[in-house]
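Below: one structure, written as C-alpha cells.
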C-alpha cells in the first residue's frame, strides 16, 4: 500500500465526523449561485447529472439555465452491507478506514448510461461534491465516446486539490440533505 494513500484514507475517515451540514435552503442558494457562475462563463446545450448526488443540484441548475437534463448513474462496486453506527468506536474507525480504502482503490463504472443521441452537444456535468475525481473521469470518458463537442464540470463542493470547472463552496467535507450521513450528524 502506498503511504500517501494511507494518509488520504485516514484523513477521509476522520473527516466523516467533521462534515459540514448544508441545509435545503442553503442548497437552493448554492445552486442559484452556481448556475449564475456557469451562465457567465459557459453555455451548455445539455446538463448531465451524476445520480444520486448530482440529481438535486443538476435539476435545479438545469431549470435555472433553461437547459435539458439527463441523468447518468456511476457506481463503485463496494458492498458495505451493514452500518457500523452501533459498534464500538475503534471498530467504526477501522470499518470507515476500510470503506475509504475501497473508495480510493475501486474504479467506478457507468451502471446506467444515456440512451439518446448527444453527439455534438456542449455538456455540463454536475455532481454534489468532487472528491477523487474518479467519478467525473468516468463520466467524461463515457461522454467523449458519445462524441460530445465540449465538456465542463460543476459541483457544489470539492474535497481535494483537484477542482471542477465551477463550484461554489470552499474546499471541505460537506453533508447534503440526500447524503446517508446527513440525518445522523448534528453540527
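Numerical summary
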item: Peptides ranked, highest mean first, by Cβ atoms within 10 Å: ranges 37-45, 149-157, 130-138; result: 149-157, 130-138, 37-45
item: Spacing of the two label points (7 Å from each Cα toward its C-beta) at residue 66 and residue 119, in nm; result: 2.9
item: Approximate spin-label separation residue 39-residue 26, in nm, with each point projected 7 Å along Cα-to-Cβ; result: 2.4
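Each reported figure results from applying straightforward, stated rules to the coordinates on display, with no laboratory input. Given the structure is predicted, the values throughout are model-derived calculations rather than measurements. Note that each Cβ is placed from the backbone with ideal geometry, even for glycine, and that neighbours are counted across all protein chains shown.
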